[in-house]
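Everything on this sheet refers to the single structure shown next.
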Amino acid sequence: MIESSDAGSGDERTDDLAVEEHGSEASAESNVADEVPSGGASGLLGMLIQEARKSGGVATTSGAKQSVGKSGGVATTSGAKQSVGKAGGGGRSAPTEMADVRFNDYEPELAIATPQMEMLFAFRSINSIYAIFLAEHMHKANYEERLQLLEAALDMPVSVAKSARVPSSDKLPDGPLASEYLDAELLTRGLVTKDELTGYRDEVTERYVFPLRLAEKMHLLFRCEFPNIHDARSTAVWCIGDLLQFGGDFNKYVRARDLTKQEGIIFRHCLRMILLCGEFAQIEPPGIPPETWRSELAELAALLTDACRAVDLTSTDETLTALESCKLDPEQLVL
């Protein structure tokens, strides 16, 4: 009798202990769900647990979608992955639905070519976008400024550029493009300081820093508007303009400027200028009569052709042949 009563009481104690353990687990789980704050990754986990309890199945991420929509961001799905993994149910995964939330507002747009796109194919000597950028500002410049912009766009080795510097403002005064537009524009955008425009003496090295040349100013403005274009180069030189001062006599020019060792580079620079004149003649910049623009470039190209033929007839004729082969229809190339 005593043994049976002891056994029965032991079974009852065992059942009570099991009930207490089960109750503690349920209360612990309830406390975890209650303690989870709303919002963020913890809030997502709490919502998924509560939804799974109510539905008895796999929790979805509809609540997460609403949370993402309200917060304007993308919630993490670590809690969703754990809940779905424990439930073992099927259906779409949380990462896939989160990807839909991130990219459901994306609307692709088509790039439709316009007739002006043909202008880009007119240029081979320099970056075509930079060429169009220069052409749009040519009507603000005088002849000397246009010549500076064209020369600088061809680029030149620094070793030769040092011997062909653009004259100072007292010898070559600033034109309307620099004085009436570029200087104020660069200052307004914060791209330069007044000292950089006028020149200054460096306090550390005590060396005089020359003011920015026209081509350097224009290149700064271009880089500001097109920061992702890195192959549009510019070197401020005054080679073609100086050659014109000698009446187009190439030999007299290189001897007077002590450029006999670099005459090959100078000669190639002149040939490239002939090609560039032909390329720019195929477009019509705004604000300039087409006849004036093309006659100006044709006159410059003719003078350079005569100067180069006096040095090397064969190379000059080959350059002119290449120029003729790349001509386009000027009527389609209007800015």
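Would you confirm whether or not the range 320-334 contains a residue that is under 17 Å from M138 (Cα atoms) and either at pLDDT 90 or above or assigned to a loop (DSSP other than H, G, I, E, B) (or both)?
Yes, some residue in the range 320-334 is under 17 Å from M138 (Cα atoms) and either at pLDDT 90 or above or assigned to a loop (DSSP other than H, G, I, E, B) (or both).
If E180 satisfies all but one of (1) touching a residue at least 24 places away in the same chain (Cβ under 8 Å); (2) out of contact with any Gly (no Cβ under 8 Å at 6 or more places or on another chain); (3) under 24 Å from I240 (Cα atoms), what's the number of the condition it fails?
(3)
Among the numbered conditions (1) outside any helix (DSSP H, G or I); (2) among the basic types (K, R); (3) buried (at least 21 other Cβ atoms within 10 Å of the Cβ), tell me where R124 comes up short.
Going through the list (1) outside any helix (DSSP H, G or I); (2) among the basic types (K, R); (3) buried (at least 21 other Cβ atoms within 10 Å of the Cβ), R124 breaks only (3).
Going residue by residue through the range 184-194, is there one that turns out to be free of Cβ contacts under 8 Å to residues at least 12 places away in the same chain and small (G, A, S)?
Taking every residue of the range 184-194 in turn, at least one turns out to be free of Cβ contacts under 8 Å to residues at least 12 places away in the same chain and small (G, A, S).
Could you please find all residues in the range 232-267 being polar (S, T, N, Q) and within 35 Å of the chain's Cα centre (by Cα)?
S234, T235
Restricting attention to the range 228-245, does a residue exist that is without any contact (Cβ under 8 Å) to a residue 40 or more places away in the chain and over 22 Å from I274 (Cα atoms)?
Yes, the range 228-245 has at least one match.
Across the range 302-322, which residue is surrounded by the fewest Cβ atoms within 10 Å (Cβ to Cβ) among those that are closer than 18 Å to Q282 by Cα and touching a Leu at 6+ places or on another chain (Cβ under 8 Å)?
Among them, the one singled out is A322.
In the range 145-178, which residue that is in a helix (DSSP H, G or I) and among the charged types (D, E, K, R) is farthest from W293 (Cα to Cα)?
E151
Go through the residues of the range 281-294 one by one and say whether even a single one is at pLDDT 90 or above, of a type in the set (V, I, T) and part of a helix (DSSP H, G or I).
The answer is yes, given that some residue of the range 281-294 is at pLDDT 90 or above, of a type in the set (V, I, T) and part of a helix (DSSP H, G or I).
Going through the range 193-225 one residue at a time, which ones are under 20 Å from the mean Cα position of the chain (by Cα), of a type outside the set (D, E) and more than 19 Å from L150 (Cα to Cα)?
C224
List, please: which pairs have Cβ atoms under 8 Å, are six or more places apart or on different chains, and start with a residue in the range 275-292 that is assigned by TED's automatic domain parsing to the domain that holds T316 and end with one that is among the β-branched types (V, I, T)?
Every condition considered, the pairs that remain are L275/T319; L276/I126; I283/I132; I283/V334; E284/V334.
Condition check ((1) among the β-branched types (V, I, T); (2) under 27 Å from the mean Cα position of the chain (by Cα); (3) on the phi < 0 side of the Ramachandran plot; (4) surrounded by fewer than 20 Cβ atoms within 10 Å (Cβ to Cβ)) across all residues:
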site: Y130; (1), (2), (3), (4): no, yes, yes, no
site: E136; (1), (2), (3), (4): no, yes, yes, yes
site: H139; (1), (2), (3), (4): no, yes, yes, yes
site: N142; (1), (2), (3), (4): no, no, yes, yes
site: P157; (1), (2), (3), (4): no, yes, yes, yes
site: A164; (1), (2), (3), (4): no, no, yes, no
site: P167; (1), (2), (3), (4): no, no, yes, yes
site: D170; (1), (2), (3), (4): no, no, yes, yes
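The values are calculated or read from the model by the stated rules, or taken from the named source; none is laboratory data. Here the structure is a predicted model, which means the values were calculated and not measured. Here Cβ is always computed from backbone atoms with ideal geometry, including for glycine, and neighbour counts include all displayed protein chains.
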